[in-house]
Amino acid sequence: MLLVFDVGNTNIVVGVYKDKKLIKDWRISTDKDKTSDEYGMLIKQLFIYEGLDLNLVEDVIISSVVPNVMHSLENFSLKYCKKEPIVVGPGIKTGINIKYDNPKQVGADRIVNAVAAYDKYKGPIIVVDFGTATTFCAISKKGEYLGGTIAPGIKISSEALFQKASKLPRVELVKPDMVICKNTVSAMQAGIIYGYAGLVDNIVELMKKELKSSNVKVIATGGLASLIYTESKTIDHVDKYLTLEGLRLIYEMNRE
Ligand SMILES: Nc1ncnc2c1ncn2[C@@H]1O[C@H](COP(=O)(O)OP(=O)(O)O)[C@@H](O)[C@H]1O
Ligand SMILES: CC(C)(COP(=O)(O)O)[C@@H](O)C(=O)NCCC(=O)O
Ligand SMILES: [K+]
(Lines give C-alpha, C1' and ligand atoms only; values in the text may rest on other atoms or scores of the structure.)
(Ligands and ions follow the chains in the order given, each with its own letter.)
Protein backbone atom coordinates (compact mmCIF):
# COMPACT_ATOMS: atom_id res chain seq x y z
CA MET A 1 0.00 0.00 0.00
CA LEU A 2 1.03 3.56 -0.70
CA LEU A 3 0.24 6.29 1.84
CA VAL A 4 -0.12 9.79 0.37
CA PHE A 5 -0.36 13.13 2.19
CA ASP A 6 -1.54 16.43 0.74
CA VAL A 7 -0.80 19.02 3.41
CA GLY A 8 -2.80 22.21 2.90
CA ASN A 9 -2.99 25.23 5.18
CA THR A 10 -6.33 24.09 6.64
CA ASN A 11 -6.50 20.33 6.11
CA ILE A 12 -4.26 17.37 5.50
CA VAL A 13 -5.84 14.93 3.07
CA VAL A 14 -4.56 11.41 3.66
CA GLY A 15 -5.05 8.71 1.04
CA VAL A 16 -4.30 4.99 0.84
CA TYR A 17 -3.61 3.44 -2.55
CA LYS A 18 -3.56 -0.24 -3.32
CA ASP A 19 -1.83 -0.36 -6.70
CA LYS A 20 -3.61 2.32 -8.74
CA LYS A 21 -6.77 2.34 -6.70
CA LEU A 22 -7.57 4.81 -3.93
CA ILE A 23 -9.07 2.57 -1.27
CA LYS A 24 -9.47 5.13 1.53
CA ASP A 25 -9.14 8.85 2.15
CA TRP A 26 -9.47 11.01 5.23
CA ARG A 27 -9.33 14.72 5.96
CA ILE A 28 -7.63 15.81 9.18
CA SER A 29 -6.86 19.32 10.49
CA THR A 30 -3.46 20.76 9.73
CA ASP A 31 -1.96 21.29 13.16
CA LYS A 32 1.55 22.69 13.32
CA ASP A 33 1.73 21.75 17.00
CA LYS A 34 1.02 18.03 16.55
CA THR A 35 3.98 15.76 17.10
CA SER A 36 4.94 12.74 14.97
CA ASP A 37 3.51 10.49 17.70
CA GLU A 38 0.22 12.38 17.71
CA TYR A 39 -0.06 12.05 13.95
CA GLY A 40 0.96 8.42 14.35
CA MET A 41 -1.82 7.64 16.80
CA LEU A 42 -4.42 9.49 14.74
CA ILE A 43 -3.52 7.72 11.52
CA LYS A 44 -3.15 4.36 13.23
CA GLN A 45 -6.68 4.73 14.64
CA LEU A 46 -8.07 5.64 11.23
CA PHE A 47 -6.38 2.55 9.76
CA ILE A 48 -7.74 0.30 12.49
CA TYR A 49 -11.23 1.78 12.13
CA GLU A 50 -11.20 0.81 8.43
CA GLY A 51 -9.68 -2.61 9.04
CA LEU A 52 -6.35 -1.60 7.49
CA ASP A 53 -2.86 -2.28 8.79
CA LEU A 54 -0.26 0.50 8.97
CA ASN A 55 2.47 -2.19 8.79
CA LEU A 56 1.40 -2.93 5.22
CA VAL A 57 2.33 0.56 4.01
CA GLU A 58 5.22 0.12 1.59
CA ASP A 59 5.85 3.74 0.69
CA VAL A 60 4.93 7.27 1.72
CA ILE A 61 4.73 10.41 -0.41
CA ILE A 62 4.07 13.90 0.94
CA SER A 63 3.23 17.19 -0.73
CA SER A 64 3.10 20.15 1.63
CA VAL A 65 2.61 23.91 1.52
CA VAL A 66 3.11 24.14 5.28
CA PRO A 67 6.83 23.74 6.06
CA ASN A 68 6.25 23.52 9.83
CA VAL A 69 4.31 20.26 9.55
CA MET A 70 6.99 18.45 7.57
CA HIS A 71 9.23 17.57 10.48
CA SER A 72 6.41 15.74 12.28
CA LEU A 73 5.16 13.95 9.16
CA GLU A 74 8.62 12.85 8.07
CA ASN A 75 9.27 11.46 11.53
CA PHE A 76 5.85 9.82 11.52
CA SER A 77 6.78 8.06 8.31
CA LEU A 78 10.15 6.89 9.62
CA LYS A 79 8.81 5.73 12.96
CA TYR A 80 5.41 4.24 12.08
CA CYS A 81 5.89 3.15 8.46
CA LYS A 82 9.66 2.47 8.60
CA LYS A 83 10.01 4.43 5.40
CA GLU A 84 11.83 7.56 4.27
CA PRO A 85 9.01 9.50 2.61
CA ILE A 86 9.25 10.98 -0.87
CA VAL A 87 8.68 14.72 -0.48
CA VAL A 88 7.47 16.61 -3.55
CA GLY A 89 9.99 19.39 -4.17
CA PRO A 90 13.27 20.15 -5.92
CA GLY A 91 14.90 16.99 -7.31
CA ILE A 92 11.63 15.09 -7.69
CA LYS A 93 10.58 14.04 -11.21
CA THR A 94 7.15 15.31 -12.21
CA GLY A 95 7.28 15.30 -16.02
CA ILE A 96 6.12 18.93 -15.92
CA ASN A 97 8.28 21.81 -17.11
CA ILE A 98 7.73 24.69 -14.68
CA LYS A 99 7.78 28.10 -16.32
CA TYR A 100 7.58 30.13 -13.07
CA ASP A 101 10.32 32.78 -12.65
CA ASN A 102 11.58 30.68 -9.75
CA PRO A 103 10.21 27.12 -10.02
CA LYS A 104 10.95 26.47 -6.32
CA GLN A 105 8.39 29.14 -5.43
CA VAL A 106 5.34 27.31 -6.80
CA GLY A 107 3.29 25.54 -4.13
CA ALA A 108 3.86 21.77 -4.31
CA ASP A 109 0.09 21.19 -4.34
CA ARG A 110 -0.21 23.22 -7.55
CA ILE A 111 2.42 21.10 -9.27
CA VAL A 112 0.81 17.88 -8.05
CA ASN A 113 -2.57 19.04 -9.39
CA ALA A 114 -0.96 19.94 -12.72
CA VAL A 115 0.60 16.48 -13.04
CA ALA A 116 -2.74 14.74 -12.44
CA ALA A 117 -4.76 17.09 -14.62
CA TYR A 118 -2.36 16.80 -17.55
CA ASP A 119 -2.22 13.02 -17.26
CA LYS A 120 -5.99 12.66 -17.11
CA TYR A 121 -7.32 15.43 -19.35
CA LYS A 122 -4.29 16.54 -21.46
CA GLY A 123 -3.59 20.22 -22.14
CA PRO A 124 -4.36 23.05 -22.50
CA ILE A 125 -5.99 22.99 -19.11
CA ILE A 126 -6.83 25.25 -16.19
CA VAL A 127 -6.94 23.79 -12.68
CA VAL A 128 -8.84 25.67 -9.99
CA ASP A 129 -8.14 24.49 -6.43
CA PHE A 130 -10.52 25.80 -3.76
CA GLY A 131 -8.50 25.55 -0.56
CA THR A 132 -7.45 28.09 2.04
CA ALA A 133 -6.45 30.11 -1.01
CA THR A 134 -8.05 29.56 -4.41
CA THR A 135 -5.38 28.84 -6.96
CA PHE A 136 -5.71 28.89 -10.73
CA CYS A 137 -3.01 27.13 -12.77
CA ALA A 138 -2.58 27.05 -16.54
CA ILE A 139 -0.97 24.05 -18.21
CA SER A 140 -0.12 24.19 -21.90
CA LYS A 141 -0.86 21.63 -24.60
CA LYS A 142 2.75 20.42 -24.26
CA GLY A 143 2.40 19.98 -20.50
CA GLU A 144 4.26 23.07 -19.34
CA TYR A 145 3.20 24.65 -16.05
CA LEU A 146 2.71 28.21 -17.30
CA GLY A 147 1.79 29.87 -14.00
CA GLY A 148 -1.46 31.21 -12.63
CA THR A 149 -3.33 33.21 -10.06
CA ILE A 150 -3.79 33.09 -6.28
CA ALA A 151 -6.98 34.54 -4.80
CA PRO A 152 -8.16 34.67 -1.18
CA GLY A 153 -10.13 31.49 -0.44
CA ILE A 154 -13.90 31.44 0.04
CA LYS A 155 -13.83 30.50 3.69
CA ILE A 156 -11.13 32.98 4.71
CA SER A 157 -12.84 35.78 2.74
CA SER A 158 -16.10 35.18 4.55
CA GLU A 159 -14.31 34.87 7.91
CA ALA A 160 -12.77 38.30 7.32
CA LEU A 161 -16.21 39.79 6.73
CA PHE A 162 -17.50 38.36 9.98
CA GLN A 163 -14.43 39.33 11.98
CA LYS A 164 -14.13 42.90 10.74
CA ALA A 165 -17.78 44.02 10.78
CA SER A 166 -19.40 44.05 14.22
CA LYS A 167 -22.97 43.52 13.02
CA LEU A 168 -22.19 40.70 10.59
CA PRO A 169 -22.52 37.16 11.93
CA ARG A 170 -20.63 34.06 10.87
CA VAL A 171 -22.70 32.40 8.15
CA GLU A 172 -23.00 28.94 6.72
CA LEU A 173 -21.86 28.69 3.11
CA VAL A 174 -25.22 27.90 1.49
CA LYS A 175 -26.81 29.53 -1.55
CA PRO A 176 -29.75 31.86 -1.12
CA ASP A 177 -32.26 31.93 -4.02
CA MET A 178 -31.79 35.61 -4.81
CA VAL A 179 -29.30 38.42 -4.69
CA ILE A 180 -31.82 41.08 -3.65
CA CYS A 181 -31.79 39.66 -0.13
CA LYS A 182 -33.97 40.89 2.71
CA ASN A 183 -31.88 39.78 5.69
CA THR A 184 -28.25 40.01 6.73
CA VAL A 185 -27.42 36.31 6.59
CA SER A 186 -28.78 35.78 3.06
CA ALA A 187 -27.20 39.02 1.89
CA MET A 188 -23.79 37.81 3.07
CA GLN A 189 -24.28 34.33 1.63
CA ALA A 190 -25.22 35.80 -1.75
CA GLY A 191 -22.26 38.15 -1.69
CA ILE A 192 -19.86 35.33 -0.90
CA ILE A 193 -21.15 32.61 -3.21
CA TYR A 194 -22.40 34.55 -6.25
CA GLY A 195 -19.57 37.02 -5.89
CA TYR A 196 -17.05 34.20 -5.77
CA ALA A 197 -18.51 32.46 -8.82
CA GLY A 198 -17.94 35.73 -10.69
CA LEU A 199 -14.35 35.90 -9.48
CA VAL A 200 -13.75 32.38 -10.77
CA ASP A 201 -15.37 33.00 -14.15
CA ASN A 202 -13.50 36.25 -14.70
CA ILE A 203 -10.08 34.76 -13.94
CA VAL A 204 -10.81 31.69 -16.08
CA GLU A 205 -11.99 33.85 -19.03
CA LEU A 206 -8.88 36.04 -18.80
CA MET A 207 -6.65 32.96 -18.61
CA LYS A 208 -8.34 31.45 -21.65
CA LYS A 209 -7.60 34.65 -23.59
CA GLU A 210 -3.94 34.50 -22.56
CA LEU A 211 -3.77 30.83 -23.52
CA LYS A 212 -5.07 31.77 -26.98
CA SER A 213 -6.85 28.45 -27.34
CA SER A 214 -10.53 27.66 -27.72
CA ASN A 215 -10.50 24.13 -26.31
CA VAL A 216 -9.22 24.72 -22.78
CA LYS A 217 -10.61 22.34 -20.18
CA VAL A 218 -11.32 23.71 -16.70
CA ILE A 219 -11.08 21.31 -13.78
CA ALA A 220 -11.88 22.24 -10.19
CA THR A 221 -10.78 20.51 -7.01
CA GLY A 222 -10.49 21.23 -3.26
CA GLY A 223 -12.88 21.21 -0.33
CA LEU A 224 -15.25 23.87 -1.63
CA ALA A 225 -15.21 23.14 -5.37
CA SER A 226 -18.70 21.66 -5.55
CA LEU A 227 -20.21 24.76 -3.91
CA ILE A 228 -19.00 27.05 -6.70
CA TYR A 229 -19.24 24.54 -9.57
CA THR A 230 -23.02 24.87 -9.89
CA GLU A 231 -22.85 28.68 -10.04
CA SER A 232 -19.80 29.08 -12.25
CA LYS A 233 -20.20 29.20 -16.03
CA THR A 234 -16.65 28.12 -16.76
CA ILE A 235 -15.84 25.03 -14.67
CA ASP A 236 -16.19 21.85 -16.76
CA HIS A 237 -15.61 19.17 -14.10
CA VAL A 238 -15.04 18.76 -10.40
CA ASP A 239 -12.37 16.20 -9.65
CA LYS A 240 -12.30 15.63 -5.93
CA TYR A 241 -9.27 13.36 -5.93
CA LEU A 242 -7.03 15.28 -8.33
CA THR A 243 -4.28 16.02 -5.78
CA LEU A 244 -4.19 12.47 -4.41
CA GLU A 245 -4.04 11.10 -7.96
CA GLY A 246 -1.15 13.47 -8.73
CA LEU A 247 0.72 12.18 -5.69
CA ARG A 248 0.30 8.59 -6.87
CA LEU A 249 1.56 9.49 -10.35
CA ILE A 250 4.61 11.31 -8.95
CA TYR A 251 5.29 8.32 -6.72
CA GLU A 252 5.27 6.06 -9.80
CA MET A 253 7.80 8.37 -11.51
CA ASN A 254 10.16 8.44 -8.52
CA ARG A 255 9.94 5.01 -6.91
CA GLU A 256 13.12 3.00 -6.71
N1 LIG B 1 -16.19 18.91 2.29
C2 LIG B 1 -16.20 20.16 2.76
N3 LIG B 1 -17.35 20.80 3.02
C4 LIG B 1 -17.36 22.06 3.49
N5 LIG B 1 -16.25 22.78 3.73
C6 LIG B 1 -15.09 22.20 3.50
C7 LIG B 1 -14.99 20.85 3.01
N8 LIG B 1 -13.69 20.55 2.86
C9 LIG B 1 -13.02 21.65 3.22
N10 LIG B 1 -13.84 22.63 3.63
C11 LIG B 1 -13.43 23.96 4.06
O12 LIG B 1 -12.84 24.57 2.93
C13 LIG B 1 -11.68 25.29 3.28
C14 LIG B 1 -10.53 24.80 2.45
O15 LIG B 1 -10.30 23.45 2.74
P16 LIG B 1 -9.21 22.57 2.03
O17 LIG B 1 -9.57 22.38 0.60
O18 LIG B 1 -8.98 21.36 2.82
O19 LIG B 1 -7.97 23.60 2.14
P20 LIG B 1 -6.39 23.41 2.19
O21 LIG B 1 -6.03 22.54 1.03
O22 LIG B 1 -5.88 24.80 2.08
O23 LIG B 1 -6.06 22.78 3.50
C24 LIG B 1 -11.48 25.07 4.76
O25 LIG B 1 -11.90 26.23 5.43
C26 LIG B 1 -12.36 23.89 5.12
O27 LIG B 1 -12.90 24.00 6.40
C1 LIG C 1 -1.20 29.27 -2.77
C2 LIG C 1 -1.14 28.28 -1.61
C3 LIG C 1 -1.13 29.06 -0.31
C4 LIG C 1 -2.41 27.38 -1.67
O5 LIG C 1 -2.43 26.54 -0.54
P6 LIG C 1 -3.75 25.89 0.10
O7 LIG C 1 -4.88 26.79 -0.17
O8 LIG C 1 -3.94 24.56 -0.61
O9 LIG C 1 -3.47 25.67 1.54
C10 LIG C 1 0.10 27.34 -1.76
O11 LIG C 1 0.07 26.69 -3.00
C12 LIG C 1 1.40 28.10 -1.60
O13 LIG C 1 1.80 28.40 -0.51
N14 LIG C 1 2.07 28.41 -2.74
C15 LIG C 1 3.32 29.11 -2.79
C16 LIG C 1 3.25 30.32 -3.65
C17 LIG C 1 2.97 30.03 -5.12
O18 LIG C 1 2.46 28.97 -5.48
O19 LIG C 1 3.32 30.91 -5.94
K1 LIG D 1 -4.96 22.06 -1.35
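The values are calculated or read from the model by the stated rules, or taken from the named source; none is laboratory data. All of these numbers come straight from a predicted model, not from anything done at the bench. Using ideal geometry, Cβ is built from the backbone for each residue, glycine included, and neighbour counts are taken over all protein chains shown. Just so you know, the surface numbers come from the protein's heavy atoms only, side chains and all, with ligands and any DNA or RNA stripped out. Shrake-Rupley method; radii C 1.70, N 1.55, O 1.52, S 1.80 Å.
Picking from Thr149, Thr134, which residue would you name as being open to solvent by 10 Å² or more (accessible area, probe 1.4 Å), within 15 Å of ligand 2 (Cβ to nearest atom) and under 16 Å from the mean Cα position of the chain (by Cα)?
Only one candidate passes the filter, namely Thr149.
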Checklist entry - What are the residue pairs meeting all of these: first residue in region 123-140, first residue more than 16 Å from ligand 3 (Cβ to nearest atom), second residue of a type in the set (Phe, Trp, Tyr) and not in a strand (DSSP E or B), Cβ atoms under 6 Å, and 6 or more apart or on different chains? => result Ile139/Tyr118
Next on the checklist: Quick check on my filter: what residues within region 89-105 are in contact (Cβ under 8 Å) with a residue 40 or more places away in the chain and within 20 Å of Gly131 (Cβ to Cβ)?
Outcome noted: Thr94, Ile96, Ile98, Tyr100
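Can you tell me which residue is nearest to Glu245 (Cα to Cα) among those in region 174-224 that are open to solvent by 30 Å² or more (accessible area, probe 1.4 Å) and within 16 Å of ligand 2 (Cβ to nearest atom)?
At the first step, the residues of region 174-224 found to be open to solvent by 30 Å² or more (accessible area, probe 1.4 Å) are 174-175, 177-185, 187, 191, 194-195, 198-199, 202-203, 205-206, 208-215, 217, 223-224.
Okay, now just the ones that are also within 16 Å of ligand 2 (Cβ to nearest atom), so 199, 203, 223-224.
Numbers: Leu199: 27, Ile203: 25, Gly223: 15, Leu224: 18 Å.
Per the criteria, the residue is Gly223.
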Checklist entry - Can you name the number of the only condition in (1) free of Cβ contacts under 8 Å to residues at least 12 places away in the same chain; (2) closer than 30 Å to Ser140 by Cβ that Tyr49 fails? => result (2)
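Could you tell me which of the residues Ile43, Ile62 is under 23 Å from the mean Cα position of the chain (by Cα), among the β-branched types (Val, Ile, Thr) and not in a helix (DSSP H, G or I)?
Working: Ile43 fails: not in a helix (DSSP H, G or I).
Exactly one residue qualifies, and that residue is Ile62.
Here's the yes/no breakdown for (1) open to solvent by 80 Å² or more (accessible area, probe 1.4 Å); (2) over 25 Å from Lys240 (Cα atoms); (3) touching a strand residue (DSSP E or B) at 6+ places or on another chain (Cβ under 8 Å):
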| position | (1), (2), (3) |
| --- | --- |
| Asn9 | yes, no, yes |
| Ile23 | no, no, yes |
| Met41 | yes, yes, no |
| Gln45 | yes, no, no |
| Pro85 | no, no, yes |
| Ile96 | no, no, yes |
| Asp101 | yes, yes, no |
Checklist outcome for this item: Log entry, pairs with first residue in region 192-203 being without any contact (Cβ under 8 Å) to a residue 12 or more places away in the chain, second being open to solvent by 20 Å² or more (accessible area, probe 1.4 Å), beta carbons closer than 9 Å, six or more apart or on different chains, reads Gly195/Ser157; Gly198/Glu231
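Select from region 19-31 the residues that are on the phi < 0 side of the Ramachandran plot and either within 13 Å of ligand 2 (Cβ to nearest atom) or out of contact with any helix residue (DSSP H, G or I) (no Cβ under 9 Å at 6 or more places or on another chain) (or both) and list them in ascending order. Reasoning before the result, please.
So the first thing to find is which residues in region 19-31 are on the phi < 0 side of the Ramachandran plot, and the list is 20-31.
Lys21, Ile23, Arg27, Ser29, Thr30 - these are the residues of region 19-31 that are on the phi < 0 side of the Ramachandran plot and either within 13 Å of ligand 2 (Cβ to nearest atom) or out of contact with any helix residue (DSSP H, G or I) (no Cβ under 9 Å at 6 or more places or on another chain) (or both).
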Item to check | Among (1) at pLDDT 95 or above; (2) out of contact with any Pro (no Cβ under 6 Å at 6 or more places or on another chain), the one test that Ile62 misses | outcome: (2)
Checklist entry - If you take the residues in region 103-131 that are closer than 17 Å to Val238 by Cα and open to solvent by 60 Å² or more (accessible area, probe 1.4 Å), which one is farthest from ligand 2 (Cβ to nearest atom)? => result Lys122
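Out of Ala187, Ala220, I need the residue that is more than 30 Å from Tyr100 (Cβ to Cβ) and aliphatic (A, V, I, L, M). Which one? Give the steps one after another, and end with the answer.
On the way: Ala220 fails: more than 30 Å from Tyr100 (Cβ to Cβ).
On inspection, the qualifying residue turns out to be Ala187.
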